[in-house]
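Take a look at the structure set out below.
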Amino acid sequence: MAFRKRRCLVATRDINAMELIMFDAAIAHGPQNMTVPLCLECGKRVDGSYLCGMCNMPMCDAACQVGSTHYNECQILRTLKEKLSVKNFEDKESPIYQCITPLRLLMKRTPIQNGFGV
């Protein structure tokens, strides 16, 4: 039987219930694939009363429009020939948000001369 290396953590002391043993930041965060319309900066639900002046996505306000989380994706979304448009702000799920989290992950990659760095 072949020995397989596996990644794991081994405690060197007893760990109490509910004790924080590790903290790790997310590479990227974003809305769920099918979600009600949300602000792409702060994640709060929006009603469509404020739209980003560059990419036309619904936002909370001008402060969220220029926030660091939304800025990079806005630079890409605003170049689309057809502006994105969220039409229903009721409890319906909006498929337009499906691209946001993958887009944020792709933008984390470091470009090099002829492709992407790892």
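Beta carbons closer than 9 Å, at least 6 apart along the sequence or on distinct chains, pair a first residue in the stretch 43-59 that is under 18 Å from Tyr71 (Cβ atoms) with a second that is open to solvent by 10 Å² or more (accessible area, probe 1.4 Å) and assigned to a strand (DSSP E or B) for Lys44/Leu38; Val46/Leu38; Met57/Leu51; Pro58/Leu38; Pro58/Leu51; Met59/Leu51. Report whether or not Met18 is at positive phi and out of contact with any Pro (no Cβ under 6 Å at 6 or more places or on another chain). So Met18 passes the test. Restricting attention to the stretch 9-36, the residues being under 19 Å from Met57 (Cα atoms), assigned to a loop (DSSP other than H, G, I, E, B) and of a type in the set (S, T, N, Q) number 2. The criterion of being closer than 18 Å to Pro102 by Cβ, among the aliphatic types (A, V, I, L, M) and open to solvent by 100 Å² or more (accessible area, probe 1.4 Å) holds for Ile27.
Just to be sure I understand, how many residues within the stretch 12-34 are β-branched (Val, Ile, Thr) and modelled with pLDDT under 90?
So the count comes out to 2.
The values are calculated or read from the model by the stated rules, or taken from the named source; none is laboratory data. Computed from a predicted structure; not experimentally measured. Glycine gets a Cβ as well: all are built from the backbone with ideal geometry, and neighbour counts include every protein chain shown. The accessibility values were calculated without ligands, DNA or RNA, using every heavy atom of the protein model including side chains. Shrake-Rupley method; radii C 1.70, N 1.55, O 1.52, S 1.80 Å.
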